[in-house]
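In what follows, a structure is listed as C-alpha coordinates, so that the remarks can point back to it.
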Amino acid sequence: MRESYNIFCITLILTILIVSIFSVYADDSNSSNITGNSTSTNITKTNVTKNAAVQPMSIWVSVTETPSTINFGSLMADGVEHTYINATNVTVSAVGITASLYVSASGDFKSGSNSIPLSNFKYTSPDSSSTTTKKSFTTSNELVGTYAYLLVGSKTYHMNYFLTIPEGTEPGTYTTKITYTAT
(Lines give C-alpha, C1' and ligand atoms only; values in the text may rest on other atoms or scores of the structure.)
Protein backbone atom coordinates (compact mmCIF):
# COMPACT_ATOMS: atom_id res chain seq x y z
CA MET A 1 0.00 0.00 0.00
CA ARG A 2 2.78 2.40 0.94
CA GLU A 3 4.62 1.63 -2.30
CA SER A 4 1.49 2.48 -4.34
CA TYR A 5 1.15 5.76 -2.47
CA ASN A 6 4.80 6.66 -3.20
CA ILE A 7 4.40 5.84 -6.89
CA PHE A 8 1.26 7.98 -7.03
CA CYS A 9 3.02 10.94 -5.35
CA ILE A 10 6.04 10.74 -7.65
CA THR A 11 3.81 10.52 -10.73
CA LEU A 12 1.79 13.55 -9.55
CA ILE A 13 4.92 15.62 -8.93
CA LEU A 14 6.39 14.71 -12.34
CA THR A 15 3.11 15.60 -14.04
CA ILE A 16 3.03 19.01 -12.33
CA LEU A 17 6.64 19.68 -13.35
CA ILE A 18 6.00 18.73 -16.98
CA VAL A 19 2.87 20.89 -17.17
CA SER A 20 4.78 23.80 -15.61
CA ILE A 21 7.55 23.51 -18.20
CA PHE A 22 5.06 23.71 -21.05
CA SER A 23 2.97 26.44 -19.41
CA VAL A 24 5.71 29.05 -18.92
CA TYR A 25 8.19 29.33 -21.75
CA ALA A 26 10.02 31.87 -23.90
CA ASP A 27 8.12 33.33 -26.82
CA ASP A 28 9.29 32.26 -30.26
CA SER A 29 8.05 32.76 -33.79
CA ASN A 30 5.27 30.19 -33.36
CA SER A 31 3.73 31.19 -30.02
CA SER A 32 2.66 34.81 -30.42
CA ASN A 33 0.48 36.17 -33.17
CA ILE A 34 0.24 39.71 -34.43
CA THR A 35 -2.34 41.26 -36.66
CA GLY A 36 -2.34 44.75 -38.07
CA ASN A 37 -4.99 47.31 -38.83
CA SER A 38 -4.36 50.01 -41.40
CA THR A 39 -6.51 52.77 -42.79
CA SER A 40 -5.32 52.21 -46.36
CA THR A 41 -4.23 48.63 -47.11
CA ASN A 42 -4.95 45.11 -45.94
CA ILE A 43 -2.40 43.86 -43.43
CA THR A 44 -2.06 40.10 -43.04
CA LYS A 45 -1.27 38.21 -39.87
CA THR A 46 2.45 37.70 -39.27
CA ASN A 47 4.42 35.99 -36.52
CA VAL A 48 6.77 37.56 -34.00
CA THR A 49 10.36 36.76 -34.95
CA LYS A 50 12.59 38.23 -32.24
CA ASN A 51 12.72 39.90 -28.80
CA ALA A 52 11.52 36.82 -26.92
CA ALA A 53 9.40 37.38 -23.81
CA VAL A 54 8.26 35.00 -21.11
CA GLN A 55 4.69 33.86 -21.66
CA PRO A 56 2.42 33.80 -18.60
CA MET A 57 0.80 30.36 -18.69
CA SER A 58 -0.32 30.25 -22.33
CA ILE A 59 0.79 27.44 -24.61
CA TRP A 60 -0.76 28.68 -27.85
CA VAL A 61 -2.40 32.00 -28.77
CA SER A 62 -4.11 33.44 -31.80
CA VAL A 63 -5.43 36.93 -32.50
CA THR A 64 -7.87 38.00 -35.21
CA GLU A 65 -9.45 41.34 -35.92
CA THR A 66 -12.38 42.56 -37.96
CA PRO A 67 -12.29 44.63 -40.02
CA SER A 68 -8.66 44.45 -41.08
CA THR A 69 -8.75 47.99 -42.52
CA ILE A 70 -10.64 51.10 -41.50
CA ASN A 71 -11.37 54.17 -43.57
CA PHE A 72 -12.39 57.05 -41.31
CA GLY A 73 -13.72 58.97 -44.35
CA SER A 74 -13.24 62.65 -45.06
CA LEU A 75 -12.83 64.60 -41.84
CA MET A 76 -12.53 68.32 -41.33
CA ALA A 77 -9.30 69.69 -39.86
CA ASP A 78 -11.28 71.39 -37.10
CA GLY A 79 -9.70 70.03 -33.91
CA VAL A 80 -12.90 68.16 -32.99
CA GLU A 81 -12.63 64.60 -31.67
CA HIS A 82 -14.45 62.02 -33.81
CA THR A 83 -15.71 58.86 -32.07
CA TYR A 84 -15.87 55.37 -33.62
CA ILE A 85 -17.61 52.91 -31.25
CA ASN A 86 -16.78 49.21 -31.85
CA ALA A 87 -14.58 50.22 -34.78
CA THR A 88 -12.58 47.00 -34.47
CA ASN A 89 -13.33 43.68 -32.81
CA VAL A 90 -10.18 41.81 -31.71
CA THR A 91 -10.58 38.17 -30.67
CA VAL A 92 -7.89 36.37 -28.67
CA SER A 93 -8.05 32.57 -28.56
CA ALA A 94 -5.63 30.62 -26.38
CA VAL A 95 -4.69 27.34 -24.76
CA GLY A 96 -3.31 27.60 -21.22
CA ILE A 97 -4.51 29.58 -18.22
CA THR A 98 -4.22 33.31 -19.09
CA ALA A 99 -3.86 35.41 -22.25
CA SER A 100 -3.05 39.09 -22.79
CA LEU A 101 -3.75 41.48 -25.65
CA TYR A 102 -1.41 44.36 -26.49
CA VAL A 103 -1.69 47.18 -29.04
CA SER A 104 0.85 49.45 -30.72
CA ALA A 105 1.01 51.76 -33.73
CA SER A 106 3.65 52.18 -36.42
CA GLY A 107 3.81 55.94 -35.80
CA ASP A 108 2.09 59.19 -36.72
CA PHE A 109 -0.55 59.24 -39.47
CA LYS A 110 1.36 60.08 -42.67
CA SER A 111 0.41 61.55 -46.02
CA GLY A 112 3.58 62.25 -47.99
CA SER A 113 5.60 64.68 -45.88
CA ASN A 114 2.54 65.72 -43.83
CA SER A 115 1.55 64.02 -40.59
CA ILE A 116 -1.04 63.92 -37.82
CA PRO A 117 0.49 63.21 -34.40
CA LEU A 118 -0.25 59.74 -33.03
CA SER A 119 -1.27 61.37 -29.74
CA ASN A 120 -4.43 62.52 -31.57
CA PHE A 121 -5.51 58.88 -31.98
CA LYS A 122 -6.90 57.23 -28.83
CA TYR A 123 -8.69 54.03 -27.90
CA THR A 124 -10.77 52.35 -25.21
CA SER A 125 -12.12 48.84 -24.77
CA PRO A 126 -15.21 48.40 -22.58
CA ASP A 127 -14.30 44.68 -22.39
CA SER A 128 -11.17 45.36 -20.35
CA SER A 129 -10.71 47.01 -16.97
CA SER A 130 -7.28 48.20 -18.18
CA THR A 131 -8.61 50.43 -20.97
CA THR A 132 -11.93 51.89 -19.87
CA THR A 133 -10.49 55.42 -20.05
CA LYS A 134 -9.07 56.85 -23.28
CA LYS A 135 -5.43 56.04 -23.97
CA SER A 136 -3.33 57.45 -26.79
CA PHE A 137 -1.78 54.91 -29.15
CA THR A 138 1.99 54.60 -28.83
CA THR A 139 4.71 52.88 -30.85
CA SER A 140 5.37 50.40 -28.02
CA ASN A 141 3.11 47.56 -26.89
CA GLU A 142 0.47 48.73 -24.40
CA LEU A 143 -1.69 46.26 -22.47
CA VAL A 144 -5.32 46.22 -23.59
CA GLY A 145 -6.34 43.44 -21.24
CA THR A 146 -5.64 40.05 -19.70
CA TYR A 147 -8.17 37.32 -19.09
CA ALA A 148 -8.07 34.02 -17.25
CA TYR A 149 -9.65 30.77 -18.44
CA LEU A 150 -9.25 27.05 -17.91
CA LEU A 151 -7.32 25.21 -20.68
CA VAL A 152 -9.03 26.69 -23.78
CA GLY A 153 -10.41 30.22 -23.91
CA SER A 154 -11.46 33.00 -26.21
CA LYS A 155 -12.31 36.65 -25.60
CA THR A 156 -13.36 39.45 -27.94
CA TYR A 157 -12.30 43.03 -27.23
CA HIS A 158 -14.50 45.71 -28.84
CA MET A 159 -12.18 48.62 -29.61
CA ASN A 160 -13.46 52.19 -29.67
CA TYR A 161 -11.34 54.76 -31.52
CA PHE A 162 -11.15 58.53 -31.08
CA LEU A 163 -9.44 60.67 -33.73
CA THR A 164 -8.79 64.41 -33.73
CA ILE A 165 -7.62 66.18 -36.90
CA PRO A 166 -5.71 69.31 -35.81
CA GLU A 167 -6.71 72.63 -37.31
CA GLY A 168 -4.54 73.55 -40.29
CA THR A 169 -3.82 69.93 -41.30
CA GLU A 170 -3.20 69.68 -45.04
CA PRO A 171 -5.75 67.61 -47.03
CA GLY A 172 -4.66 64.09 -47.98
CA THR A 173 -5.01 60.40 -47.24
CA TYR A 174 -3.27 59.77 -43.91
CA THR A 175 -2.38 56.24 -42.83
CA THR A 176 -0.88 54.40 -39.89
CA LYS A 177 -0.71 50.74 -38.95
CA ILE A 178 -2.18 49.43 -35.68
CA THR A 179 -0.77 46.11 -34.45
CA TYR A 180 -2.53 43.78 -32.00
CA THR A 181 -0.33 41.20 -30.27
CA ALA A 182 -1.62 38.33 -28.13
CA THR A 183 0.47 36.36 -25.64
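Key figures for this structure:
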item: Members of the stretch 65-111 that are polar (S, T, N, Q) and touching a Gly at 6+ places or on another chain (Cβ under 9 Å); result: S68, S93, T98, S100, S106, S111
item: Count - residues of the stretch 96-124 that are open to solvent by 50 Å² or more (accessible area, probe 1.4 Å) and among the β-branched types (V, I, T); result: 1
item: Within the stretch 75-183, strands (runs of 3 or more DSSP E) holding 2 or more residues that are touching a residue at least 40 places away in the same chain (Cβ under 8 Å) and of a type in the set (S, T, N, Q); result: 81-105, 114-116, 142-164, 177-182
item: Tally of residues being buried (at least 17 other Cβ atoms within 10 Å of the Cβ) and either among the acidic types (D, E) or within 14 Å of the chain's Cα centre (by Cα) (or both) across the stretch 143-183; result: 13
item: Residues within the stretch 123-154 that are within 21 Å of I70 (Cβ to Cβ) and not hydrophobic (A, V, I, L, M, F, W, C), tallied; result: 15
item: Residues satisfying the stated conditions in the stretch 105-132, i.e. under 30 Å from T173 (Cβ atoms) and polar (S, T, N, Q); result: S106, S111, S113, N114, S115, S119, N120, T124, S125, T131
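The values are calculated or read from the model by the stated rules, or taken from the named source; none is laboratory data. Just so we're clear, the structure is a prediction, and the values are computed from it rather than from any experiment. When we count neighbours, we look across all protein chains shown, and the Cβ atoms used for this are built from the backbone with ideal geometry, even at glycine. Ligands, DNA and RNA are stripped out before the accessible areas are found, and what is left, the full protein with its side chains, is counted by its heavy atoms. Shrake-Rupley method; radii C 1.70, N 1.55, O 1.52, S 1.80 Å.
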